[in-house]
1. If you take just the strands (runs of 3 or more DSSP E) that sit entirely in region 1-93, which of them hold at least 2 residues that are more than 20 Å from the chain's Cα centre (by Cα)?
2. Is it the case that Leu172 is of a type outside the set (Gly, Ala, Ser), out of contact with any strand residue (DSSP E or B) (no Cβ under 8 Å at 6 or more places or on another chain) and farther than 19 Å from Phe18 by Cβ?
3. How do the pairs read when you match residues in region 94-115 that are among the acidic types (Asp, Glu) with residues anywhere that are outside any helix (DSSP H, G or I), using Cβ under 8 Å and keeping only pairs 6 or more apart or on different chains?
4. Looking only at region 102-118, which residues are over 21 Å from the mean Cα position of the chain (by Cα) and of a type in the set (Ser, Thr, Tyr)?
5. Show me the strands (runs of 3 or more DSSP E) found entirely inside region 157-215 where at least 1 residues are modelled with pLDDT of 95 or more, surrounded by fewer than 18 Cβ atoms within 10 Å (Cβ to Cβ) and under 18 Å from the mean Cα position of the chain (by Cα).
6. Output the number of residues of region 171-217 satisfying the condition of being of a type in the set (D, E, K, R) and in contact (Cβ under 8 Å) with a residue 60 or more places away in the chain.
7. Taking region 124-150 on its own, how many of its residues are crowded, with 23+ Cβ neighbours inside 10 Å and basic (Lys, Arg)?
8. Give region 135-156 a look and list any residue that's under 28 Å from Glu207 (Cβ atoms), among the hydrophobic types (A, V, I, L, M, F, W, C) and outside any helix (DSSP H, G or I), or say none.
Amino acid sequence: MKIKAFSKTYNGVRVLDFPGMELQPGKIYAVIGANGSGKSTFARILAGVIQADQQGYHPHPGSVLYMPQKSYAFRMSTQANILMGSREYKKANKLMEDLQISHLALRRADKLSGGETARMALARLMMRPCELAILDEPTAAMDMESTLLAEKLITDYVPRANCALILVTHSLQQARRIADYALFFQKGALVESGPAQTVLHVPAASETKAFLDFFGS
């Protein structure tokens, strides 16, 4: 999937300037950077939630799946939220089992805790194939055990769906565990990108090194 260059401006201030890149199917791309670096804006533009300044990027309908930072739960059961009209009960039940939320299947999803809602939303996304999946801090509300379960599900899903996956994360440890590539944003600019083992361990840019040193190497 080739993504052309795009930018985003709010009130005359350029908050994101992305040079474009090609995403490879079957790979996980971790997006890292401090708060306000443009990570979520980048994710929302790729998902088609907001528009870039120029209209060079148009996701194909149905080709992109998006899980925002705050997951939405419809006022129906957890199982019904995951199915969303599908009749693939076996697949939904397996996803709930993998994320240890089978006991919540009949509970109203809008009554779940934050971590439970995130697991439900992740299962809902993974019911469907796509060309690009975008997860914005998918495990932020989860405890350690749930996070590891979610990471296992993500790494299983990507090659099976043969999709590219953008993972916006504040956790450098998570990026190191599961990412194939890493993108480091600072003040709306893509400072460095490349294989995760390189960017996250021996970065070329001094800005990336300073970020890693500050937030824990």
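The values are calculated or read from the model by the stated rules, or taken from the named source; none is laboratory data. Quick caveat: nothing in here was measured; it's all calculated off a predicted structure. All Cβ positions, glycine included, derive from the backbone under ideal geometry; neighbour counts span all protein chains shown.
1. Per the criteria, 6-10, 13-18.
2. No, not satisfied.
3. Asp110/Ala73; Asp110/Phe74; Asp110/Arg75
4. Across region 102-118, the qualifying residue is only Ser102.
5. Where strands (runs of 3 or more DSSP E) fall fully within region 157-215 and carry at least 1 residues being modelled with pLDDT of 95 or more, surrounded by fewer than 18 Cβ atoms within 10 Å (Cβ to Cβ) and under 18 Å from the mean Cα position of the chain (by Cα), they are 189-195.
6. The number of residues fulfilling the criteria is 2.
7. Within region 124-150, residues that are crowded, with 23+ Cβ neighbours inside 10 Å and basic (Lys, Arg) number 1.
8. If the condition is that a residue be under 28 Å from Glu207 (Cβ atoms), among the hydrophobic types (A, V, I, L, M, F, W, C) and outside any helix (DSSP H, G or I), then Leu135, Ala140 are the ones that fit.
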